[in-house]
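One structure coming up, written as structure tokens, with questions to follow.
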Amino acid sequence: MPEPMVGVLALQGDVLEHVAALQRAGARTREVRTPGDLATVDALVVPGGESTTVIRLLERFGLTARVKQRVREGMPFWGTCMGLIVAAHDVADLEQPTLDLIDVTVRRNAFGRQVDSAEIPLAIPALGDVPFPAIFIRAPWIERTGPNVELLAERDGHGVMVRERNVLGTSFHPELTGDDRVHAYFLQMVDGARANSAA
Ligand code: GLN
């Protein structure tokens, strides 16, 4: 099989950093702005940015229902920071409906204004023993996880990395470090999904 084609939602946010990291980790990439773009990708990454804006733009560009349908059918999805907020079942401090792709409740800008940006060494057992240099920028934390959600990392007692089947969420920004282990982890999910659909 050729390398997977991973889409990066390119309506707003730090798109190019994800594109570069995915390519370093061995994927082909495509920027996704329309339902036509979405139809050509094996997986979708939603980068950091501003969640209220992107939730509105997804609807306006006709992507909300299509993304939900693809994810229901098994397409791997990864949201970083704003992308996790967009994917959450609900957001503690936001009325706007989200895409509801993963059974978690998140709270925006939750680590407080004083420490709203930080790089900390984060233990992520699924990635091995070496801590991950996790960059948090006005990051959400995860307040509730549903019964099928795997908690992959915590910071100060709050969830910051979760997975439910084909959906991955991180509060932090792996695309802003030189460490591509989370990208590689996501590409393993993509390979697994492709092997399943080929079987
Ligand atoms: N605080 C932003 C939001 O609410 C997310 C920040 C980010 O993606 N770096 O959408």
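FYI, it's all coordinate maths here, none of it is from the lab. What you are looking at is a predicted structure, and each value in this text was computed from that prediction instead of being measured. Don't worry about glycine lacking a Cβ; one is built from the backbone with ideal geometry, like all the others, and counts go over all protein chains shown.
If Lys and Arg each add +1 and Asp and Glu each add -1, what is the summed charge of the other residues whose beta carbon sits under 12 Å from the beta carbon of Leu63?
Working: positive: Arg33, Arg56, Arg60, Arg66, Lys68, Arg70; negative: Asp37, Glu59.
Residues near Leu63 contribute +4 overall.
Sorted from largest down, give the three principal axis spans of the alpha carbons of segment 5-101, whole angstrom values.
38, 24, 21
Right, another one. Looking at the chain, do any whole DSSP H helices span at least 18 angstrom along their long axis by alpha carbon and average -1.0 or above on Kyte-Doolittle, and which? The partial results should precede the final answer.
On the way: long enough: 181-198 (25 Å, -0.06).
Both cut-offs are met by 181-198.
Further, regarding this structure: Residues with amide H under 5 Å of Leu122's amide H, sequence separation 5 or more or different chain, H placed in the peptide plane at 1.01 Å from N; which?
Phe132, Ala134
Once you treat every alpha carbon in segment 120-177 as an equal point and sum by Debye, what is log10 I(q)/I(0) at q = 0.15, 0.17 Å⁻¹?
Taken in order of the listed q values, log10 I(q)/I(0) reads -0.40, -0.52.
Per-residue ellipticity at 222 nm for the chain, helices alone: DSSP H runs ≥ 4 residues times -39500 (n - 2.57), over residue total, nearest 500 deg cm²/dmol?
Values: 6 runs with 58 residues, N = 199.
That calculation yields -8500 deg cm²/dmol at 222 nm.
To continue, here is another question. Show me the GluC sites (Glu not before Pro) within segment 53-128 that DSSP assigns to loop and that have at most 14 other Cβ atoms within 10 Å of their Cβ. Intermediate results must be reported in sequence, preceding the final value.
On the way: sites: Glu59, Glu73, Glu95, Glu119; in loops: Glu73, Glu95.
Here the GluC sites (Glu not before Pro) that fit, given the DSSP loop and packing criteria, are Glu73, Glu95.
Once the dipole of the chain is set up with Lys and Arg at +1 and Asp and Glu at -1 on Cβ about the Cα centre, which of Ala153, Leu63, Val45 lies farthest towards its positive end?
Among Ala153, Leu63, Val45, the one farthest towards the positive end of the dipole of the chain is Leu63.
While we're on this one: Per-residue HN-Hα couplings for segment 156-161, Karplus 6.51 cos²θ - 1.76 cosθ + 1.60 at θ = phi - 60°, whole Hz, x for Gly and Pro?
Couplings: 6, x, 10, x, 9, 8 Hz.
Given contacts defined as C-alpha pairs under 8 Å and at least six residues apart, what's the relative contact order of the chain, whole-number percent? Don't jump to the answer; show the numbers that get you there.
Working: 428 pairs, mean separation 38.6, N = 199.
Averaging sequence separation for qualifying contacts and normalising by length gives 19 percent for the chain.
Next up: Amide H of Glu31 versus every other amide H placed in the peptide plane: which residues, excluding those fewer than 5 positions away on the same chain, fall under 5 Å?
Answer set, sorted by chain and number: Val8.
For segment 26-124, state which trypsin sites (Lys or Arg not before Pro) are in a DSSP loop and have at most 16 other beta carbons lying within 10 Å of their beta carbon.
Arg33, Arg113
For segment 42-199, what value does the Rg/Rh ratio take when both radii are computed over Cα atoms and Rh is the Kirkwood radius, given to two decimals? Intermediate values should be presented prior to the final figure.
On the way: Rg = 14.8 Å, Rh = 15.6 Å.
Rounded to two decimals, Rg/Rh equals 0.95.
To continue, here is another question. Quick one: 3J(HN,Hα) in Hz for segment 100-108, Karplus 6.51/-1.76/1.60 with θ = phi - 60°, rounded, Gly and Pro as x.
For segment 100-108, the Karplus curve yields 6, 9, 9, 7, 9, 10, 10, 10, 7 Hz.
Something else: Quick query: amide H of Gly159 versus all other amide H atoms, modeled in the peptide plane; which residues come in under 5 Å with a sequence gap of 5 or more or a different chain?
Ile142
Whole-Hz Karplus ³J(HN,Hα) for segment 122-135, in order, using 6.51 cos²θ - 1.76 cosθ + 1.60 and θ = phi - 60°, x for Gly and Pro?
For segment 122-135, the Karplus curve yields 10, 6, 10, x, 5, 9, x, 7, 6, x, 9, x, 8, 9 Hz.
Continuing with the same structure: Summing Lys, Arg as +1 and Asp, Glu as -1, what charge do residues with Cβ under 15 Å from the Cβ of Thr34 carry, Thr34 excluded? Working shown, then result.
Details: positive: Arg30, Arg33, Arg60, Arg66, Arg70; negative: Glu31, Asp37, Glu59.
Within the 15 Å Cβ shell, the charges total +2.
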